[in-house]
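Read through the structure below, which is laid out as structure tokens, and then see the notes.
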Amino acid sequence: AKHVALNAILGVGMTFVIITGGIDLSVGSLMACAGVLCAMLVNWSGGEHVWAWIIIGWVAAVGLGMAAGSVAGLLITQINIPPFIATLALMSSLRGLGNLATDGKPISPLPEAYNWLGRYPLGGFVPVSVVLFLLVLVGGAILLNHTRFGRHVRAIGGNEESARLSGVKVMRVKWLVYVLCGVLTAVAGLILSSRLGAGSPKVGVGDELAVIAAVVVGGTSLSGGRGSIGGTFVGLLTVSALNSGMTWIGVETFGQQVTLGVVILAAVLLDQFKARKTFF
């Protein structure tokens, strides 16, 4: 449940991005950087006023996510750099920054209170991370399905020029989508760092592929315009069940990576087939 919760938070942000016809390859690196930043701030506290420094770390990490998403959005909307290239560059830069800041080593040990976000069970039963994931899932579904912003996101993915002629502020909406994805990625990074009890620049490698796979398997079209938060959640469960099943029958990690690639390809081909069938 904890692993699905983490990917679901990433998946909600990625769903908005992909519905606009974009992509964000930087989520894994940003997740690592957010955890590193929070851990560094708490580590600098020297063990004094721990909770105050943890909260400062949370705010700083979310601010980093907002800044990274803002940079990606500006590169894409103002300079017209393709989303794939802009976020690929950001992925490399953020990973490099995380490694430079820590000399490639995890920041640990950290105070026990640091583990609250990732490990503490509310009421002794439900982990904080699962509660956060449920809030993000419900909030994302409401934002996408019941607000003007959500309608504009779908309109841009369906036909950007038509959306612009209809009065939609296309650049602003696309920029906000990347900012939203950055903020949610930072939250996921904080949860992961808290769960590990360390800030590591090595985490999150390949997570962008798993999240994109789940979003696409959940029915969101890579060409934009179609998708749902509920579908993404179903896609996450499907991919998670597939990985668990392969682990159970003894398929090694490399074999799982091959299978995940095949699943993504199959989902994209199915989406293309549906689009052509609808067109004809």
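The values are calculated or read from the model by the stated rules, or taken from the named source; none is laboratory data. Note that the structure is a prediction, hence the values are computed from the model and not measured. Here the Cβ is made from the backbone with ideal geometry for all residues, glycine too, and neighbour counts use every protein chain on show. Side chains included, ligands, DNA and RNA excluded: accessible areas come from the protein's heavy atoms. Shrake-Rupley method; radii C 1.70, N 1.55, O 1.52, S 1.80 Å.
How would you classify region 88-186 from its alpha-carbon gyration tensor, with a ≥ b ≥ c the square roots of the eigenvalues: rounded for a/c under 1.5, else prolate if a/b is greater than b/c, otherwise oblate?
Working: a/c = 4.89, a/b = 1.53, b/c = 3.20.
Oblate is the answer for region 88-186, as a/c is 1.5 or above yet b/c matches or exceeds a/b.
Going by the alpha-carbon gyration tensor, a ≥ b ≥ c the square roots of its eigenvalues, is region 37-140 rounded (a/c under 1.5) or, if a/c is not under 1.5, prolate (a/b greater than b/c) versus oblate? Working shown, then result.
Numbers: a/c = 2.53, a/b = 1.42, b/c = 1.78.
Verdict is oblate for region 37-140.
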Here P(r) for region 1-85, Cα-Cα distances in 5 Å bins, as whole percents, is 3, 13, 19, 20, 17, 13, 8, 5, 2, 0
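Starting from the residue with the highest accessible area, list 254, 149 in decreasing order, probe 1.4 Å. Intermediate results must be reported in sequence, preceding the final value.
On the way: 254 150, 149 45 Å².
The ranking, largest first, comes out as 254, 149.
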If you roll a 1.4 Å probe over the chain with all protein chains in place, what percent of the accessible area is carbon or sulfur? 68
With the Cα gyration tensor of region 151-206 giving a ≥ b ≥ c as the square roots of its eigenvalues, does the rule (a/c under 1.5 for rounded; else a/b larger than b/c for prolate; else oblate) give rounded, prolate or oblate? prolate
How far apart, in nanometres, would the label points at residue 135 and residue 238 be if each is projected 7 angstrom from Cα along the Cα-to-Cβ direction? 3.0
Ignoring ligands and nucleic acids, residue 48 exposes an accessible area, probe 1.4 Å, in Å² to the nearest 10, of 120
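Note the count of lysine pairs whose C-alpha atoms are less than 29 angstrom apart in the chain, limited to pairs 8 or more residues apart or on different chains. Numbers along the way, then the final one.
Working: 2/105; 2/202; 105/202; 174/274; 174/277.
Taking the chain as the scope, the lysine pair count is 5.
Based on the Cα gyration tensor of region 164-280, what are the three equivalent ellipsoid semi-axes, each the root of five times an eigenvalue, rounded to whole Å and given largest first? Don't skip to the answer; put the middle values down first.
Details: eigenvalues 160, 113, 21 Å².
Working from the Cα gyration tensor, I get semi-axes of 28, 24, 10 Å.
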Quickly work out the residue 70-to-residue 209 label distance, labels modelled 7 Å from Cα along the C-beta direction, and quote it in nm with one decimal. 3.3
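Kirkwood hydrodynamic radius, computed over distinct alpha-carbon pairs, for the chain: how many Å, to one decimal?
The answer is 19.2 Å.
Can you sort 49, 3 by solvent-accessible area, 1.4 Å probe, largest first? Could you put the intermediate results ahead of the total?
Values: 49 140, 3 110 Å².
Largest to smallest exposure gives the sequence 49, 3.
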Simple label model, 7 Å out from Cα along Cβ direction - residue 151 to residue 165, nm: 1.9
Which residue, 200, 93, 70, tops the fluctuation ranking in a GNM of the chain built on C-alpha contacts under 10 Å? 93
